[in-house]
1. Give me the number: length gained by fully extending residue 336 to residue 451, i.e. 0.36 nm times residue separation minus the C-alpha to C-alpha distance, one decimal in nm.
2. For residue 364 and residue 256, compute 0.36 nm times the residue count separating them, minus their Cα-Cα distance, and round to one decimal in nm.
3. Could I have the simple spin-label model distance between residue 143 and residue 195, label points 7 Å from Cα toward Cβ, reported in nm to one decimal?
4. Accessible area of region 281-329 with a 1.4 Å probe: how many percent of it is carbon plus sulfur?
5. Can you give me the long-range amide H partners of residue 18? Hydrogens built in the peptide plane at 1.01 Å from N, cutoff under 5 Å, separation of 5 or more residues or another chain.
6. Any idea how far the Cα center of region 161-233 sits from the one of region 46-105, in Å?
7. May I ask you to give the solvent-accessible area per residue for the chain, in square angstrom, as obtained with a 1.4 angstrom probe?
8. Give the shape of region 167-278 as rounded, prolate or oblate, defined through the alpha-carbon gyration tensor: a ≥ b ≥ c are the square roots of its eigenvalues, a/c under 1.5 means rounded, and otherwise the shape is prolate if a/b is larger than b/c and oblate if not.
Amino acid sequence: MNSPPPTSGSAPHLLRRFGVLHASALNMSNMIGIGPFITIPALMSAINGGGPQCMLGWIVALIIALPDGLIWAELGAAMPRAGGSYVFLREGFGRETWGRLMGFLFIWQFIISGPMEIGSGFIGMKQYLGYLLGNLPPVAMRAIIVGLGLVLFALLYRQITSIAKITIALWIGVMVTVGAVIFSGIGHFDPKLAFDFPPGAFHFSTGFIFGLGGAARIGVYDYLGYYDICYIGEEVRDPAKVIPRSILLSLVGVAAIYLAMNFSIIGVVPWRSFVVGPDAEAPPIASMFMEKIWGRNVALGFTFLILWTAFASIFALVLGYSRIPYAAARDGCFFQAFGKLHPTKNFPHVSLTLITVLSLLCSFIDLTTLIDALLTTRILVQFIGQIGAVILLRRLKPAAELPFRMWLYPLPALVALAGWVFLFATTAPKVQVPALIALCAGVACFVMWSWQTKQWPFGQMPQAKR
């Protein structure tokens with residue numbers, strides 16, 4: 001049911017305007033974005049020195065993302081509120097007990113990882129802006145990125161009704177971009193290039209396992225966003241149906257697009273020509289692909305579409321993530337100022353401002369560092385935490401309060417858990433250790449905050465409402 005429009009005397013509130021098409025467009029715009037266009041060189045060098053065998057990372061990533069999508073679908077349908085994971089963790093682990101800790105830790109890691117994910121989109125835009133505009137001075141490139149961030153902020157600084165329409169327009173541009181890559185690759189695909197395996201490509205060893213983990217992390221990074229609609233659940237029409245359908249449609253659709261698009265590229269551009277070392281800057285591979293087929297002028301025009309796609313992804317991320325500090329502040333778990341809605345446009349304007357500014361700051365960090373850091377930071381609290389939340393809710397809530405229940409339970413939850421543990425275990429210690437330190441620091445801050453405010457576990461628990 002749609003929320004009624006606010007009258008002149010009503011308080012500001014979120015409006016339910018997103019249907020299946022809008023929700024799927026939001027998720028897919030987030031998922032595709034700039035990711036596959038900037039990560040192919042890193043992916044293709046991950047396993048045993050590089051080669052087509054690295055595409056196994058996409059398969060492992062999908063095996064993790066699909067069951068995890070069912071977890072998001074069940075939680076999102078049961079709790080369609082602003083904030084997504086924050087709400088799931090707090091309600092799943094007990095709103096006034098362990099859920100307070102999990103909700104706090106999620107916001108703690110989100111303030112680090114959320115802007116990192118958005119900042120990676122800005123970093124990807126730099127690669128393709130460099131192809132389009134030539135070698136600009138670093139100061140000029142930074143000025144352009146900041147300018148794009150301000151444009152993004154202006155587009156989002158409005159009511160959700162018009163944002164739903166903007167989302168569809170941006171999504172159409174995304175589909176045109178990936179369609180151009182796939183169409184171009186079909187007519188020029190060379191299987192000898194696409195399946196040019198180097199000697200020892202599938203030699204099984206410890207290095208192979210850690211390389212597969214690295215390739216899968218890149219794959220998961222490119223799939224991130226299949227759940228973006230959950231962050232604005234309070235603005236979704238008929239969420240019990242729309243949220244699960246949009247998540248599953250997005251995952252299946254984008255998986256097919258990714259496989260077709262990536263094989264199109266490596267079937268035209270030899271993988272040895274764009275695999276780079278760990279310290280080298282990745283080339284704009286999609287522009288190179290189009291230039292080899294259609295020439296420089298067409299490649300320049302296509303680069304505009306790449307930038308459109310990147311902008312659409314950043315747009316979707318900032319929209320969803322701006323609702324998280326708002327939801328936490330409204331619950332008393334974050335600074336009160338971020339719980340305010342715009343008095344006439346009904347959106348969390350303070351939270352939107354925070355996320356935009358932090359994302360622009362993260363755009364000046366190395367891309368590979370961002371990908372590993374943001375995933376490792378999220379795995380323990382958000383992804384593994386939500387598995388615990390869905391298991392607890394299954395035990396505590398009757399079936400009537402869970403409008404969508406994952407199929408073959410608990411198998412999807414166990415598969416997702418094994419996948420997230422594998423990704424964390426195969427991450428380099430230089431990334432694991434800071435993530436664990438950040439988590440411990442978050443626990444310490446929660447303990448001090450709870451002690452000062454005399455809340456659980458140091459104060460009396462509020463009485464449950466009858």
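The values are calculated or read from the model by the stated rules, or taken from the named source; none is laboratory data. On a predicted model such as this, the values are computed, not experimentally measured, just so you know. All Cβ positions, even for glycine, are placed from backbone atoms using ideal geometry, and neighbour counts span all protein chains on display. For accessibility, only protein heavy atoms count, side chains too; no ligands or nucleic acids. Shrake-Rupley method; radii C 1.70, N 1.55, O 1.52, S 1.80 Å.
1. 39.5 nm
2. Full extension from residue 364 to residue 256 adds 35.7 nm.
3. 5.2
4. C and S fraction of accessible area: 65 percent.
5. Amide H neighbours of residue 18, under 5 Å, 5+ apart: 236, 237.
6. Region 161-233 and region 46-105 have Cα centres separated by 18 Å.
7. 40
8. It is oblate, given that a/c is not under 1.5 and a/b is not larger than b/c.
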